[in-house]
Each structure stands twice: as C-alpha cells, then as structure tokens.
Amino acid sequence: MAAQYTCTLVGYTLQRGGAAGNLLRTISQLEAHLSLTRKLLRLGNSVEALEAAKRAIHLSDSVLRLCLTISHLNKAMYFACDNVLWAGKTGFIPRLDQHKWSQRSFRYYLFALILNLTRDLYELRLLMECQARYRHIKSPPSANLGTALPNDQLSSLGTPATTDMLVLRLWLRQLGKVLYSNPPLLLDLLKNCFDIFIPLDQLQIYPTGPGFVGVCGLASSVLSLLTIVHPWLKLKP
C-alpha cells in the first residue's frame, strides 16, 4: 500500500517537473501492478470483515455496536467489489465494467470510513467527559478555574469575545491532553482523516488530485505500519 501511494506521489511530482513521457509511463505501470498485487492480497478479506462484524454486534455500547458492525459490513462489501475488480483486470471476467465496480467499491469504503470517524469522535467525547468529571471531583470548580487561567486573564473575563476565546483555548488544551494520553485513538483518528480523502477524490465528491491523494495514502500507510510494529497502538475493539 505504501509503495503504491509512493508511486502515485512520485508520478505526480515528476509530471509537475516536466519529466519524460517514458518515465511517467513506467511509474504509472508500476503503480498499476502494485494495485493489482494489493487486490490479490485482499482475497479473503471479506470473510475477515464479516467475522469482525459478528464480534462487534455483541458489544455492550450501542453506539460502538452500531458504528463498528455497519462499518465492518461495508468493508466486507468493499473487499468483495475489490475482488471482482481484480478478476476483471486479470481477465477472469473479461467484459466487466471496471469503472462501475470501482465507483461501487469506493462508495462502500467511504461509508465505512465515515462510520469509523463517527466511532473515533464518540470515543473522544466519552474520554473528554470522563476527564472533566475527574477534574471536577478532584478539586472544586473555583480551584479548577483559578489554576486553569492566570490572574490577568481572569480579570478580562467580562468581555464575551474574550471569554469565548479562553473557553476555546481550554477546550483545545483538554483535547490535546486526551489525545496525547490515548495514542491508539489519536492514530486511528489521523489514519481515518487521511484515508477519507481517497474515496472523496475517486468519487469526485471532493477532488484533490493525485499529489494530495498520494500524500494521504502514504501517511495512512505509515500509520498502519506503526500499528503492525506496535500492536498496542491499534484501537480496540
């Protein structure tokens, strides 16, 4: 996956730099071969996604149960469409409408990513609420406010605009602390944010171009490799 998006990024950079046509064609062919190999390695991933959906349906949290179950089902459909595309590109299904199946697979992929992002934001909200409750129990509200804001800022709380800015700064500081203390959630959120631009571009919902897609795909691949090298960084369930 990383190699494929590296080729996409290199091809875009060479094209912008006015590289020779033969070199661009070579890079494009290499990218196509890597994409085909990737699709081959995904054969059977639909079954794994269905098994993950069967496990997710038993989660006690209703929001996580809904998001993860439907997300895994969409991933299963995405991988199934990808398998059909592989069969079409290798000649097993010679008259396959590849564009139609490609668009169909990216629609399933986009919906799965939207649900994954919803799950990440839900877990983030739960963690922020939990930390806010802990801070409230640990010390009285007046102490929290006094330690959070310096004296000169406390004296300027009378203006609504200043108050809003201070509240925003406190909220962003809290968000940073929660994400910093939960690396698996941070990585999953970043990965889904990078990934979502790929189907948005392919479906022409939000076209960004091959250069940006290459950067997002490469960044997402690096984050995926981190979770493989360090399994504790993978968000569970």
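The values are calculated or read from the model by the stated rules, or taken from the named source; none is laboratory data. Since the model is a prediction, treat every value here as computed from it, not as a measurement. Virtual Cβ from ideal backbone geometry, glycine too; neighbours counted across all protein chains shown. Accessible surface is based on the protein model in full, side chains and every heavy atom, while ligands, DNA and RNA are left aside. Shrake-Rupley method; radii C 1.70, N 1.55, O 1.52, S 1.80 Å.
What to note about this one:
- Entries in Lys39/Lys100; Lys54/Lys234; Lys100/Lys236; Lys89/Lys236 that, when Cα-Cα distance is taken, lie over 24 Å: Lys100/Lys236; Lys89/Lys236
- Between Gln103 and Lys89, the distance separating the two model label sites (each 7 Å from Cα on the Cα→Cβ line) works out to 1.9 nm.
- Sites Leu23 and Glu51 - FRET efficiency at Förster radius 45 Å, r taken between beta-carbons, to 0.05: 0.55
- [x] 17.9; [y] 12.2; [z] 18.7, with the label sought being that of the calculated mean projected area of the Cα convex hull in nm²: [x]
- The chain: most fluctuating residue of Leu200, Leu115, Leu175 per GNM, C-alpha cutoff 10 Å: Leu175
- With all protein chains kept in place, the per residue accessible area of the chain amounts to 60 square angstrom at a probe of 1.4 angstrom.
- Using the rule -39500 (n - 2.57) for each DSSP H run of four or more residues, divided by the residues of the chain, the 222 nm mean residue ellipticity is -27500 deg cm²/dmol.
- Distance between modelled label sites at Ile137 and Ser60, nm, 7 Å Cα→Cβ extension: 1.6
- Largest accessible area first, the residues His72, His136, His58 order themselves as His58, His136, His72 under a 1.4 Å probe with ligands, DNA and RNA left out.
- Note on Arg104: accessible area approximately 70 square angstrom, rounded to 10, probe 1.4 Å, nucleic acids and ligands left out.
- Residues in the stretch 101-122 that a label on Arg42 would reach, taking backbone N under 13 Å of a point 7 Å out along Cα→Cβ: 101-113
- Mean separation of Cα pairs under 8 Å and 6 or more residues apart, divided by the residue count, gives the chain a relative contact order of 24 percent.
- Counting only protein heavy atoms and a probe of 1.4 Å, the accessible surface of the chain is 66% carbon and sulfur.
- Residues of type lysines that Lys138 reaches as a straight line, Cα spacing below 28 Å, ignoring anything fewer than 8 places off in the same chain: Lys177
- Residue among Thr69, Thr208, Thr118 with the largest mean-square fluctuation in a Gaussian network model of the chain, springs linking Cα atoms under 10 Å: Thr208
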